[in-house]
Structure formats: C-alpha cells, structure tokens
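The values are calculated or read from the model by the stated rules, or taken from the named source; none is laboratory data. Just so it is clear, the structure is predicted and the values come from calculations on it, not from any experiment. Here the Cβ positions follow ideal geometry from the backbone for every residue, glycine too, while neighbour counts run over all protein chains shown.
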Amino acid sequence: MSNAALMRLQLPQSEQSLRQRFSMARSRMKLTILSAALLSASCSFLPAACSGALAGSRDAMCWTPAELRGTPNDWKPVKGTPAAFRRPPLRALAPLAPVDPRLRGVIRGVRLPPNEKIIALTFDLCEEPYEVSGYDSRIIDYLRDEGVEATFFAGGKWLLTHDVRGQQLLSDPLFEVGNHTWEHRNLRIVSEPVLKSEIENAEAAYEEVRQNFEGRRCKTGAPDGSALSRPPERMSLFRFPFGACDERSLNAVNDAGLLAIQWTFASGDPAPLQSSEKMVKAVLSRVRPGAILIFHANGRGWHTAEALREIIPRLKEMGYKFRTVSELLKLAPDKIEKAATCYDNKPGDSDRYDALAAKLELQYQKFEKQIKAQPRG
Ligand SMILES: [Zn+2]
C-alpha cells in the first residue's frame, strides 16, 4: 500500500459508534434471519418471483451470533494430521504495486503524541506444514464483545483449514487480516522459489477464502454499519514468521506490495512459562501511544485469553483506544517508526531462530514424505 493509499483510507470510527453499530447489528440480525426464512418459504411457492431476491441481492446475514462464537474444540492445534496437508490454490493474483519507498523497511509502530492514546493489537494465526493450528475463540469472541478492533496475521494454510472462520474474520468490520506466509517458514533460510511461494500462496489462499465469502452474498456495507464489510481484494500487510527477516526477504515482501509489520513490543504469550499476571504487567508497563502489540490467537498463546480480560479493561481505564494497524499507520503516515531489519527487542535477536527453523525444515520434509506415501482414498 502506498503512502497516498494509506492517506486515502477512511477515518476510523470512534469505539463508541462501533459499539452502537454492533448492538444495532445484533438486534437487526434476528429480524433479518426471520425475514430471510419467510422469503425462502414463500419462494418455494413462487420461485420465478423470488429468484432475483435470493440470488441477486445481499440481504442475508451470513452467520447467527451463535455461529460466530467458538467452542473449546476450536482452540487446540492438532499435530501430525493428514488434514494439515493442503495444496495452495492455483490463482492469478490481484495486482498490487510495490510498496512506496517511504514505507519500505520494517514497521514497528507510530510516534504519536502522549495525549493520542491509540494502539494496535495484533494476533498471529500461524500454521506450520504438519499441523492444523487452533482458532482461539475465547480471544476473538471477547474482542467482539468489547468492540475492540484488531489485526490478524493469518497463515495462508490456516485460512484454508479454517475457511469459515477466515471468512468471518476478514468480513468483520472490527478486524483486518494480513499475510503471515503460506506455512510459517523462516524466510531467512528458505530458497528463492520457497520465499516467493510463501508470500504468494498466502495471498492466493486469502483470495480464495474471500471469494468463498463473496459467494455467500451476505449483507455487506449497510450505511448504518449493520452488516459485514466487503473484504479488500487482497492483503496489504505482512508479518514475518519468527519475527525474522533479512534484506532479501524484506525486499521480496515490499516488492509484493506488502508492508512489513513487526511490533513495538511482544506480549511473550508463546512462552509456556509466561503467566497471565506477567503478561499483564509486561504490557501495562511498556504500552505507549502508537504501539503495535503482538499476541497469538491460534492456540499457541499461553494464557492470552485470560490476560486480555485484564489488559483490555485496564488499557481502557488508562484512556487507550484500539485500532487496526492500517488505521494506526494512517493517523500519522509521516511518523511511522521503521527499522532496516526485523528484530524483537534489539537488532539481531530474532536471527537465533535460524537453527530452530533448519531443524523444523527437516521435520516438514519427513511429514511430507509420510503423507505422500499414504494410500489415497
Ligand atoms: Zn507466527
């Protein structure tokens, strides 16, 4: 996305108005479901009169509030399952120009004045080749309940293994979805073709899931905000797996028209020893206007859902508001904080994942061989 494109984005709505929109949407949703059912019933008697109404309009809500909510079965990753093996969709990708030179590099936050208490919460939905990772509905349901905007960085394969959840996220006006590669490979150590496919296959998966959503012809774009939003044609943000990149992979991402989004500081939620209390303390002690925070919503975050139930109310008490990353960047496009490379706290610290990633690559190869050796049913 170019700087000019960032500037052209609509101004974010206030949290208050979002809340109002969502409570209106919920009450209207029940009525819409009822009227869709009535229309459907009468159409069985008068099909010619109704064919346009059902097929051509966007009158139906896609999901009931109950269908949007998750269950404990969704949370946990499943390892070593044949369901994890997916082929990327073969698609001609929607075009996008390379990133504007002013926005190339690694974005870590925005310098906002102390009184402009706005931050971006981000949640990674990583999925490696041998797993179907989770959908932590405890987090997503809570964000919806609280009217908290957020950005999700989804693996392309995650989107395919969670097609309906993906559709729900990318059409929710509270959320935006960015690219987290096809299968979560460390882009510092992969070959040129794998680097390219990790970026492009995730985009192809996004476009496929977006197309599946469009095929439902759900009610979108109502002026009062009572409907789902129409997802953009393609993603414009990218997050590197392991928070690790080098000059080659960073250039490839920016050349593909994607802004590289790191974080101002990490919640530390993938560490099993990270308690909810420690996470709350870490976030509240380091938060500042314009910060981008990283969590996980794929079942890899330990205690994330529990910690957020304290972090979000406390941040609200402190006067903070939550925006998607795109909206945060648009608030001060000339004050975006960038680095020349990816890192967690200091330059070079995410390079330590190279050895781990090399070991994982061997596991992925083993898994692929096992899957290919299985008889096809
Ligand atoms: Zn990840």
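When residues in the range 107-129 are screened for being within 21 Å of the chain's Cα centre (by Cα) and either assigned to a loop (DSSP other than H, G, I, E, B) or among the basic types (Lys, Arg) (or both), 5 of them pass. Would you confirm whether any residue within the range 92-106 is farther than 27 Å from LEU293 by Cα and over 21 Å from the mean Cα position of the chain (by Cα)? Looking for residues that are farther than 27 Å from LEU293 by Cα and over 21 Å from the mean Cα position of the chain (by Cα), one finds at least one in the range 92-106, hence yes. The number of residues in the range 344-377 that are surrounded by 14 or more Cβ atoms within 10 Å (Cβ to Cβ) and either acidic (Asp, Glu) or in contact with a strand residue (DSSP E or B) (Cβ under 8 Å, 6 or more places away or on another chain) (or both) comes to 4.
List, please: which pairs have Cβ atoms under 7 Å, are six or more places apart or on different chains, and start with a residue in the range 229-251 that is buried (at least 18 other Cβ atoms within 10 Å of the Cβ) and end with one that is among the acidic types (Asp, Glu)? As it stands, the answer is ARG234/GLU203; ARG234/GLU207; MET235/GLU203; ARG239/ASP124; GLY243/ASP344; ALA244/ASP351, since those pairs meet every condition given. Here is the figure for the range 122-153: residues that are within 15 Å of the ligand (Cβ to nearest atom), closer than 21 Å to THR264 by Cβ and in contact with a strand residue (DSSP E or B) (Cβ under 6 Å, 6 or more places away or on another chain) total 7.
When LEU187, LEU159 are screened for being aliphatic (A, V, I, L, M), outside any helix (DSSP H, G or I) and within 14 Å of the ligand (Cβ to nearest atom), only LEU187 passes.
LEU329 satisfies every condition listed in (1) within 16 Å of the ligand (Cβ to nearest atom); (2) within 21 Å of the chain's Cα centre (by Cα) except (1). Where residues in the range 83-121 are within 16 Å of the ligand (Cβ to nearest atom) and touching a Lys or Arg at 6+ places or on another chain (Cβ under 8 Å), which of them is modelled with the lowest pLDDT? So the residue we want is ALA84.
Within the range 251-307, track down each residue that is part of a helix (DSSP H, G or I) and within 14 Å of the ligand (Cβ to nearest atom). Correct list: THR304 only.
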